[in-house]
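**Q** To start, I am sharing the structure in question, which I have written as structure tokens.
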Amino acid sequence: MSSKKSSSDGGKRKRNDKKPAYTNNSMPGKSLGGEGPTLKRSISAQRNAAIQRRVGTATASSSSSSSSSSSSSSSSSSASSAPTLSKVEEIITREERLDKALLALQMQKVHDAGKKVLIVIIRMLKRIVSDPKEVKYRKINLNNKLVREKITSRPGGKSLLLAAGFQCNELTQELVMDETDIDVDWINAVVVKGTEVLADNEGTQ
């Protein structure tokens, strides 16, 4: 009896020895079956995240470029609409030249020399305003005897004409105001200021 039992036990042990000693956690089938879909989901999630980052970067760069272009266009439009520095300096210089010329004429009180020059120049400027296309009103010969006696021989006379918009041509010795350079509003302003100076001189006498 004992011999048969031992032999049967030995047979069982041999059969048991042939089975691989795997635990539930380390069985190949379960390991592949459990980790395979998880690994695929992880890779897919990483790929989607990378795509989203690329799309976000492209969107941000395009929006920043569009905003920068719009800001540059708005700044360029505002810069074009704003007055230039050279134009402002030109206006200031013109005002200063006018004031200096009028002051120089106002200081010449002997025999009303400055007053006489101012009256002649105001009359000339009014002719230009009344008929801007007439060339003879916009051209003054500096070599003319009457021009020298009544205008250019007195301090402030020639300067007042230049302040009103005349340009000096050294070759022809003429003061010329081109039709394209005529500023009727400014010439009227010169006439008004000159008239005020005349009124002040009348009041002080």
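**Q** Only one of Ile122, Ile140 is closer than 20 Å to Glu95 by Cβ, in contact with a helix residue (DSSP H, G or I) (Cβ under 9 Å, 6 or more places away or on another chain) and of a type in the set (A, V, I, L, M, F, W, C). Can you tell me which? Give the steps one after another, and end with the answer.
**A** Numbers: Ile140 fails: closer than 20 Å to Glu95 by Cβ.
Result of the check over Ile122, Ile140: Ile122.
**Q** Oh, and also: Is at least one residue of the stretch 183-196 crowded, with 16+ Cβ neighbours inside 10 Å, free of Cβ contacts under 8 Å to residues at least 60 places away in the same chain and either more than 21 Å from Thr93 (Cβ to Cβ) or among the polar types (S, T, N, Q) (or both)?
**A** Let us first name the residues in the stretch 183-196 that are crowded, with 16+ Cβ neighbours inside 10 Å, namely 186-187, 190-191, 193-194.
Subsequent filtering for residues that are free of Cβ contacts under 8 Å to residues at least 60 places away in the same chain retains none.
No, every residue in the stretch 183-196 fails to be crowded, with 16+ Cβ neighbours inside 10 Å, free of Cβ contacts under 8 Å to residues at least 60 places away in the same chain and either more than 21 Å from Thr93 (Cβ to Cβ) or among the polar types (S, T, N, Q) (or both).
**Q** (1) of a type outside the set (Ser, Thr, Tyr); (2) closer than 25 Å to Ala199 by Cβ; (3) surrounded by fewer than 18 Cβ atoms within 10 Å (Cβ to Cβ): which one isn't true of Leu146, the others all being true?
**A** Here Leu146 meets the rest and fails (2).
**Q** Restricting to the stretch 143-182, what's the tally of residues that are touching a helix residue (DSSP H, G or I) at 6+ places or on another chain (Cβ under 6 Å) and touching a residue at least 40 places away in the same chain (Cβ under 8 Å)?
**A** 9
Quick note: the coordinates plus some simple rules give every number you see, no bench work behind them. What you see is a predicted model; the values in this text were computed from it and never measured. Heads up, the Cβs are rebuilt from the backbone with ideal geometry, glycines too, and the neighbour counts pull from every protein chain shown.
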